[in-house]
Amino acid sequence: MIPPLAPTFEAALRDVRAQQPRFRGAAAARLGEPAPERRDEAVQGLLTLAKDEVGAVREAAYESLGTLAAMEGLTTVLDAFDDGHMGARQAAVLAVARIAPHEGADAVAALLDDARPEMRFSAIWALSYLGAEHSSRIADGLQDEDDEVRLLAVQCLGELGATGNVIGIAELLQDPSDKVRFAAATALAALGDARGAPALRAALAQPDRAFPAAIGLGDLEDRESLAALTRLAKHRWRSPILRAAAARALVRLGDPAGTEVIRRIVRSWRIEARQYGVQLVGELGLTALVPDLARALRRSRKAERSVYETTLEQLAPKSAEAKALLASLRQADQPA
């Protein structure tokens, strides 16, 4: 079935009581993006949709109430922790975190002891949204009986920079789940701990894991992986984004071959590869590649310009050429 087109705001208000659930669901999504002066109308419509008989519609309504940080819907989404529709109750957990990040944190954390694994999973996701100050609560998930919950807890702690939890994460290098073991290795690398490096080196040969493995080994500046990273960066038939990740690691290891690989990727005709290469130029401070950025910028699409601007902002303090290119880019973007 073809999904309905996104309705106008007026149509969404009418569709709150549409006969077909797909129109009510589309209305719930659209009401999460009202003009400021029509917020109250949107919230009232969403509170109606939050009582819908169809779980997918309630799910969309809870999501939009969260997007709007609608305190008027806090009681509704708290009650929805027991919604009969799994997607709806999971959406309600994140909505609580968005609506009441301080007042709702304890209610979300209480779900870490819930018998339903999807609710423990949602609690960790919501706590990670609330920030690194909740890392100790998220760490409770490292010992969860469910593989997916442990996996998410490890990933979130790595992303949050939770260096105080490296011991608990390192214990999962012996986890029964292969996915959890690999996630522990990548999280440890992000936190500057090399205990998972052997697993990352082995993963360079696995197509579905080579990218995060290369990133992790680069973060660790792991010299033992230099030869393997060099082969990967120069491999003609591997994806350019994977080659760029390997090149990133080489740059961090002080190998100039990495810069040359990134130079070629910045010149690539493939937009997604070129954008990643441009990002790496900024991240790694590769001022020598500013002329290559200028060439790529001239043939870039308008939608790509923000990537170049961010990179040039990073390079400008160290490169007069980057500073001038940034000024030129911003002037070109000014309305006539």
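The values are calculated or read from the model by the stated rules, or taken from the named source; none is laboratory data. Small disclaimer: the values here were computed from a predicted structure and weren't measured. Neighbour counts run over all protein chains shown; Cβ positions are idealised from the backbone, glycine included.
Things to note:
- Residue check for Pro176: in a loop (DSSP other than H, G, I, E, B) and out of contact with any Ser or Thr (no Cβ under 6 Å at 6 or more places or on another chain): yes
- Checklist (1) surrounded by fewer than 18 Cβ atoms within 10 Å (Cβ to Cβ); (2) in a helix (DSSP H, G or I) applied to Arg238, failing item: (2)
- Matching entry among Thr230, Thr186, Thr259 (being at pLDDT 95 or above and in contact with a Pro (Cβ under 8 Å, 6 or more places away or on another chain)): Thr186
- Of residues in region 23-81 being among the β-branched types (Val, Ile, Thr) and in a helix (DSSP H, G or I), the one surrounded by the fewest Cβ atoms within 10 Å (Cβ to Cβ): Thr75
Conditions (1) touching a residue at least 24 places away in the same chain (Cβ under 8 Å); (2) within 18 Å of Ala28 (Cβ to Cβ), marked per residue:
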| position | (1), (2) |
| --- | --- |
| Leu47 | yes, yes |
| Arg58 | yes, yes |
| Glu63 | yes, yes |
| Leu78 | yes, no |
| Phe81 | yes, no |
| Ala115 | no, no |
| Met119 | yes, no |
| Arg137 | yes, no |
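- Residue in region 150-161 that is of a type in the set (Asp, Glu), part of a helix (DSSP H, G or I) and more than 23 Å from Gly87 (Cα to Cα) present: yes
- Residue match in region 245-259 (condition: surrounded by fewer than 21 Cβ atoms within 10 Å (Cβ to Cβ), in a helix (DSSP H, G or I) and in contact with a Gly (Cβ under 7 Å, 6 or more places away or on another chain)): yes
- Answer from Val93, Val108 - the residue that is assigned by TED's automatic domain parsing to the domain that holds Val54 and either touching a residue at least 60 places away in the same chain (Cβ under 8 Å) or out of contact with any strand residue (DSSP E or B) (no Cβ under 9 Å at 6 or more places or on another chain) (or both): Val93
- Tally, over region 197-242, of residues that are hydroxyl-bearing (Ser, Thr, Tyr) and more than 19 Å from Gly254 (Cβ to Cβ): 1
- Residue check: Gly161 meets all listed conditions (1) surrounded by fewer than 20 Cβ atoms within 10 Å (Cβ to Cβ); (2) of a type outside the set (Asp, Glu); (3) touching a Gly at 6+ places or on another chain (Cβ under 6 Å) but one, namely (3).
- Total residues in region 195-221, condition among the charged types (D, E, K, R) and farther than 19 Å from Val261 by Cα: 4
- Output for region 101-144, where each listed residue is part of a loop (DSSP other than H, G, I, E, B) and surrounded by fewer than 18 Cβ atoms within 10 Å (Cβ to Cβ): Pro101, His102, Glu103, Asp114, Ala115, Arg116, Gly131
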